[in-house]
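Take a look at the structure below.
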Amino acid sequence: MSELVEPEAAAPEAIYLDGRVNRKRRVRLNFGPALEIYEDGALLAAWPYADVRRRDGAPDGLLSIRAVGAPELARLETRDAALMEQITAHCRLLEGDRREKPHSMLKIVGWSLAATASILGLIWFGVPLAADRIAPLIPLAWEKRFGEAVEKQALDMFSGKECKAPKGLAALEKFSARLQAAATLRLPASIHAIASKVPNAFALPGGKVFLLDGLLEKAQSQDEMLGVLAHELGHVENRDHLRRIVADGGTAYLVGLLFGDVTGGGALIFASKTLLSAANSRDAEAAADAFAAKTLAKLGRPAKPMGELLLRVTGKEADGFFTILHDHPLSEDRLAKLAAADEGRDKDKGAVKAPVLTDEEWKALKAICE
Amino acid sequence: MQDQQTPTAPGAAPKAIEFRGVDADFRGLVTSGALLELVTFGFYRFWLATNIRRHLWSRTFFAGDSLEYLGTGRELLIGFLFALAILSPVYLLYFLLGVEAERQYAFASLPLGVFFLAFTQFALYRARRYRLHRTAWRGLRFGMDGSGWLYAFWAVLWWAFAGLTLGLAYPWAQAALERRKMKHTHYGEAAGRFVGTGWEFFKRGWWLWAVPMALFVVIAAAAGAAEADAKDGSLGGLGGLGVLGAVLLIFAYLAAPFVYAAYKAIQWKWWLEGLRVGEARAMSSLRLSAFFGNIWAYIGMNVAVLFVGAILFGIVMFALDLNGVPLETASAEGKTPSFVLILAVVPVYLGVMLAFGVLWRIYFIQRVWKIVVSSLTLYDLEGLEHVASRPGTANALGEGFADNLDVVGF
């Protein structure tokens with residue numbers, strides 16, 4: 001190297017790491033056409049000023065720089081204030097240009113919000129749609145297995161045994177046969193009475209419908225019970241449970257994707273799931289009501305009594321902020337809709353037929369758990 | 001910094017490893033990070049993890065030169081998405097098997113548990129590999145090769161063995177697995193290895209296994225005796241044993257954090273002193289009680305946060321003077337409706353949760369790092385001078401796989 005280009009001896013020192021060997025070289029810098037790095041008078045590297053970047057996250061008091069075209073881990077470091085100033089003055093793009101700063105805070109926040117919106121959109125619109133499409137593809141054998149898996153839990157929850165008083169059983173059989181003949185289900189269903197004081201009825205995947213004694217007690221006429229059972233058969237026919245399984249799984253997955261491991265995420269997941277599945281199930285309940293109204297029409301029986309029974313069981317509901325959280329549509333709404341269905345039918349055909357059960361049979365059914 | 005004037009100091013003098021971080025800086029980092037996590041619905045966690053590492057690495061000085069962390073948040077995000085893509089079918093399988101398990105009890109859950117254990121081990125291996133690849137010192141990267149699945153296979157076998165021996169084989173399992181990991185570790189061309197032995201680990205920590213075991217046996221025996229008493233209807237004599245059992249149980253609860261802290265101190269020291277990179281090694285002055293103060297501080301701060309949270313909650317409830325009245329009845333009665341209650345309580349809840357997260361990161365990441373790093377002295381570092389970089393280790397795209405398992409060190 002010529003004497004001319006060698007920087008003066010008093011120039012402050014810097015440390016150079018070439019990124020190939022971990023040796024620290026004491027170097028002197030020359031601010032020529034490019035940033036020239038000398039060790040004992042020998043030129044080690046020349047970094048164009050425009051290529052020099054600050055190393056992210058260097059410790060305090062240390063200026064550590066790299067160059068775009070140099071080996072990835074080549075570093076030039078100094079703690080000398082004057083030298084730092086000189087480097088800063090020469091290297092205009094020390095902080096990188098805009099293209100190289102993809103992770104500005106604003107961008108992260110913006111994209112996160114966009115991702116959140118898209119995931120929420122997927123949960124709100126995509127999941128129910130996917131559930132509608134996927135549920136019919138699940139084979140019947142699988143559906144029955146789901147049902148068997150849930151059955152034990154469900155019966156444990158209501159801590160009840162099946163009621164088998166012979167006369168009541170015969171009446172229930174008759175109910176079941178007439179309903180299924182009118183409804184033409186996609187699979188054979190069976191109805192079982194359970195000794196539990198909870199006023200409720202529910203269907204399981206695979207076609208089993210359970211009627212709890214508590215509801216039988218509250219029923220004042222057999223048409224009320226007929227309607228409830230027709231409603232549950234509607235759930236079976238519409239594959240509502242399968243859809244719910246698919247939808248809940250999908251929702252849980254997407255919400256997990258969203259919140260990941262953020263603290264307090266668990267509560268948010270629970271809240272959002274409850275809200276969403278409640279919203280979905282309102283549609284399902286309305287569809288099952290419509291199915292019940294149609295089936296009852298075929299049997300020539302009114303749908304309105306079922307609504308009256310529901311109202312009696314749930315009590316009058318106030319229309320507050322939380323009504324969206326209710327699994328079932330408001331009983332008053334349902335009663336009104338069912339009554340409307342009856343009126344429409346009366347105008348069309350007016351075919352009112354005799355009750356399904358005799359008074360004797362109805363009494364036997366009510367006493368099935370005794 | 002001190003060494004900058006003498007880059008290749010000869011001689012076998014021990015070199016210090018220092019942590020020069022400032023607690024307040026880290027507190028600021030994780031506090032603002034927690035708020036950003038909230039604003040971004042949690043997506044910021046990848047960038048926060050990256051910032052935390054960058055902070056700790058850059059303030060940790062090996063013989064005067066700081067470590068450099070080269071990873072990015074974007075890589076972690078991609079790794080997370082990859083992990084999800086692999087895990088989703090597994091979760092589906094898990095669900096379907098769960099349905100089967102309800103029908104035929106015995107078999108379904110076991111292989112699944114094994115799979116999750118294996119996957120966790122695989123993820124730990126890959127997470128360490130990722131972090132090593134993203135760590136540089138004096139212009140050279142660390143690195144790791146080898147197969148994560150092969151490691152997971154051995155890890156499952158060792159864990160099974162450790163389980164079968166009621167934990168007695170645990171030190172040997174740890175030593176064997178660490179040997180496997182370090183065998184595949186390198187710094188530039190310098191190869192790593194692990195010389196710690198299971199026996200050494202066992203000697204230092206056996207009592208941490210034996211004392212709780214003995215305590216458990218005594219408590220179980222006492223509970224049994226108390227039950228027998230209750231059946232007899234006699235309250236005298238052996239009834240004292242039941243009391244003894246209860247006292248011991250309370251004692252065990254109180255002692256558990258400190259037993260854990262002692263165990264961690266033993267484990268860190270044993271692990272660090274067993275590491276070799278080239279001929280370089282480290283000695284640690286960690287004492288058994290090294291983390292006790294940290295644990296006290298963590299528990300104390302948590303209690304304080306809970307206390308403040310409870311007071312704020314009380315203020316909110318008092319100010320609103322209500323207990324969840326529906327909207328239109330509330331307006332009629334002049335009370336605050338329930339959704340206002342929720343709007344008021346949710347920030348308190350979130351604040352407490354965020355504070356817990358911040359405390360965890362401070363006391364279980366930064367303070368532990370600080371205590372551990374400050375205990376170290378480096379020996380025989382000379383062998384690492386002039387080590388060349390290893391070709392082909394520079395680029396490791398997509399290595400962020402499963403790195404969201406945020407594990408420090410091990």
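Any chance region A:115-134 includes a residue that's surrounded by 12 or more Cβ atoms within 10 Å (Cβ to Cβ), modelled with pLDDT of 85 or more, within 12 Å of another protein chain (Cβ to nearest Cβ) and more than 30 Å from A:Ala287 (Cα to Cα)? There is no residue in region A:115-134 that is surrounded by 12 or more Cβ atoms within 10 Å (Cβ to Cβ), modelled with pLDDT of 85 or more, within 12 Å of another protein chain (Cβ to nearest Cβ) and more than 30 Å from A:Ala287 (Cα to Cα). If the condition is being touching a residue at least 12 places away in the same chain (Cβ under 8 Å) and more than 11 Å from chain B (Cβ to nearest Cβ), then region A:139-163 contributes A:Leu140, A:Ala154, A:Leu155, A:Phe158, A:Ser159, A:Gly160, A:Lys161, A:Glu162, A:Cys163. Before we move on, is B:Leu132 of a type in the set (A, V, I, L, M) and open to solvent by 50 Å² or more (accessible area, probe 1.4 Å)? Taking the combined requirement at face value, the residue does not satisfy it.
Between A:Gly32, A:Gly61, A:Gly41, the distinction of being on the phi > 0 side of the Ramachandran plot and without any contact (Cβ under 8 Å) to a residue 40 or more places away in the chain belongs to A:Gly61 only.
In a residue-by-residue description of region A:87-98, the property of being within 14 Å of another protein chain (Cβ to nearest Cβ), within 26 Å of B:Arg134 (Cβ to Cβ) and in a strand (DSSP E or B) applies to no position. Evaluating A:Glu36 against the criteria (1) farther than 16 Å from A:Glu72 by Cα; (2) within 14 Å of another protein chain (Cβ to nearest Cβ) leaves one unmet condition, (2).
Among the residues of region A:165-180, the one identified as open to solvent by less than 10 Å² (accessible area, probe 1.4 Å), of a type in the set (A, V, I, L, M, F, W, C) and over 41 Å from the mean Cα position of the chain (by Cα) is A:Ala171.
Could we say that A:Asp60 is within 14 Å of chain B (Cβ to nearest Cβ), surrounded by fewer than 18 Cβ atoms within 10 Å (Cβ to Cβ), under 26 Å from B:Leu384 (Cα atoms) and not aromatic (Phe, Trp, Tyr) here? So A:Asp60 passes the test.
With respect to the conditions (1) open to solvent by 30 Å² or more (accessible area, probe 1.4 Å); (2) at pLDDT 60 or above; (3) more than 9 Å from chain A (Cβ to nearest Cβ), B:Leu359 falls short on a single one, namely (1).
Looking at region B:31-54, which of its residues are open to solvent by less than 30 Å² (accessible area, probe 1.4 Å) and within 7 Å of chain A (Cβ to nearest Cβ)?
Once the filter is applied, which keeps residues that are open to solvent by less than 30 Å² (accessible area, probe 1.4 Å) and within 7 Å of chain A (Cβ to nearest Cβ), region B:31-54 yields B:Glu37, B:Thr40, B:Gly42, B:Phe43, B:Tyr44, B:Arg45.
Filtering region B:384-404 for residues that are under 24 Å from B:Gly21 (Cβ atoms), part of a loop (DSSP other than H, G, I, E, B), at pLDDT below 75 and open to solvent by 20 Å² or more (accessible area, probe 1.4 Å) leaves a non-empty set.
Applying the condition of being more than 14 Å from B:Arg53 (Cα to Cα) and assigned to a helix (DSSP H, G or I) to region B:16-30 and asking which residue is most open to solvent (accessible area, probe 1.4 Å) yields B:Ala24.
For region B:106-121, filtered to residues that are small (Gly, Ala, Ser) and modelled with pLDDT under 75, the residue that is surrounded by the fewest Cβ atoms within 10 Å (Cβ to Cβ) is B:Ala106. Number of residues in region A:318-349 that are open to solvent by less than 40 Å² (accessible area, probe 1.4 Å) and modelled with pLDDT under 55 equals 2.
The values are calculated or read from the model by the stated rules, or taken from the named source; none is laboratory data. As the structure is a prediction and not an experimental result, all values here were calculated from the model. Note: ideal-geometry Cβ built from the backbone for every residue, glycine included; neighbour counts use all protein chains shown. The accessibility values were calculated without ligands, DNA or RNA, using every heavy atom of the protein model including side chains. Shrake-Rupley method; radii C 1.70, N 1.55, O 1.52, S 1.80 Å.
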